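Single-structure report; data block below.
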Amino acid sequence: MTGTRRAVSIAGAALVAVGAALVPSNAALAHAPSGAIFTTLPDGSEVNFNIYADKDDVYLDGGPGQGAPQTAAGLDDGTYVFQVTDPSGKTLLSQDAARCRQFTVVGGVISGVVATGCEHLTGIDVDHGAVTVQLMPYADTPNPGGEYKAWVTTVEDFLAGCAQLGVANGLAVVNCGSRGGNKHGFVGGHSKTDNFKVGEEVPVEIDTRFRGHSGDYLDGYGVTWTDTFGATNKKWSYWAPDNYVFHEAHVEAVETGTHHITIEDQPGCAVGQVAVDGEGVGYAPQTVAVTIRSTRKPLTVFVDVSCD
């Protein structure tokens, strides 16, 4: 990939509408696990823009999140299940029974897969020794941009979601069906999601930057991304120039629709002015709405936060 991404911003103004929205973040986070999930290579390495060369390359990782400070929370300990869908959530792409897609979390990071005889391949994250879990097998996305969405929820919430759809034991089937905000047993507000692409496609992303009194950008500060289904994930600002991450909490490969970025006071950063691609939207902790109208052209939407 080339470094052209940083030159792309709100130049495609017709594609994006932004504004402040007082979305109650506690409602979105009521049942979602803490920490973050993210897709990586088998050894936990990042891929530029979350764009992978092959579906086999994509592994699930989890914990405090890339760029998180040492004090950040990891995933809640327990047993989880995952799925892969198209970005709309309409089409389930995972091809094996849900019982094959279970993993465990101990100490805030993925510790292994559940032994069922059909469990997925695993790798080891070289940074902190956690287990990574291969997402395959899953079908090709019908999305013309090569976009996919990975979902994670606790087994308890998944079984409850399937029961709402009339399936007594969701782990025994591939697909529990869908209705409303319940996508194949995964309820948005109970889940974490992360998006990725496969193939040579253009990136569309939302990047949040924190700036201190001196004007320097700050690393280790977090935002909560709520996707178009109400699923959440934690993103942290960090510096990884080899992956074109420049002091940003970055959300990659976002789908069309309205996303929300929640910015809260943190140690060392009392939220001052917040701006979305240069347009001020307030001087306090808040949630901003970013509406993506197309993913067919490269686009970066910047959310900038001044720390008082």
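A few notes on this one:
- Of all residues in the stretch 271-298, those that are under 19 Å from Val204 (Cβ atoms) and touching a residue at least 24 places away in the same chain (Cβ under 8 Å) have Cβ atoms under 8 Å from Cβ atoms of residues that are of a type in the set (Asp, Glu) and in a strand (DSSP E or B), 6 or more apart or on another chain, in Val276/Asp304; Gly278/Asp304; Thr295/Glu147.
- Looking only at residues of the stretch 77-90 that are over 18 Å from the mean Cα position of the chain (by Cα) and not acidic (Asp, Glu), we find that the one that is farthest from Lys55 (Cα to Cα) is Gly78.
- Hits in the stretch 271-308 (condition: assigned to a loop (DSSP other than H, G, I, E, B) and touching a helix residue (DSSP H, G or I) at 6+ places or on another chain (Cβ under 8 Å)): Asp277, Gly278, Arg293, Ser294, Lys297, Pro298
- Taken over the stretch 176-215, the criterion of being touching a Phe, Trp or Tyr at 6+ places or on another chain (Cβ under 6 Å), farther than 18 Å from Tyr238 by Cβ and surrounded by fewer than 22 Cβ atoms within 10 Å (Cβ to Cβ) is satisfied by Val198 alone.
- In the stretch 151-171 there is at least one residue matching the filter, namely being within 23 Å of Pro64 (Cβ to Cβ), surrounded by fewer than 22 Cβ atoms within 10 Å (Cβ to Cβ), of a type in the set (A, V, I, L, M) and in contact with a strand residue (DSSP E or B) (Cβ under 8 Å, 6 or more places away or on another chain).
Residue-by-condition table, conditions (1) free of Cβ contacts under 8 Å to residues at least 24 places away in the same chain; (2) of a type in the set (Val, Ile, Thr):
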residue	(1), (2)
Ala168	yes, no
Gly180	yes, no
Lys183	no, no
Phe196	no, no
Pro203	no, no
His213	no, no
Asp219	no, no
Val223	no, yes
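- No other residue among Ala284, Ala240 is more than 15 Å from the chain's Cα centre (by Cα), surrounded by fewer than 20 Cβ atoms within 10 Å (Cβ to Cβ) and farther than 20 Å from Val58 by Cα apart from Ala284.
- Within the stretch 102-115, the set of residues being surrounded by 15 or more Cβ atoms within 10 Å (Cβ to Cβ), modelled with pLDDT of 95 or more and in a loop (DSSP other than H, G, I, E, B) comprises just one member, Val114.
- Pairs with Cβ under 7 Å, 6+ apart, first in the stretch 115-128 and of a type in the set (Gly, Ala, Ser), second surrounded by 13 or more Cβ atoms within 10 Å (Cβ to Cβ): Gly123/Pro42; Gly123/Asp43; Gly123/Tyr59; Gly123/Thr132
- Any hit, the stretch 274-296, residues being touching a Lys or Arg at 6+ places or on another chain (Cβ under 9 Å) and on the phi > 0 side of the Ramachandran plot: no
The values are calculated or read from the model by the stated rules, or taken from the named source; none is laboratory data. Quick caveat: nothing in here was measured; it's all calculated off a predicted structure. When we count neighbours, we look across all protein chains shown, and the Cβ atoms used for this are built from the backbone with ideal geometry, even at glycine.
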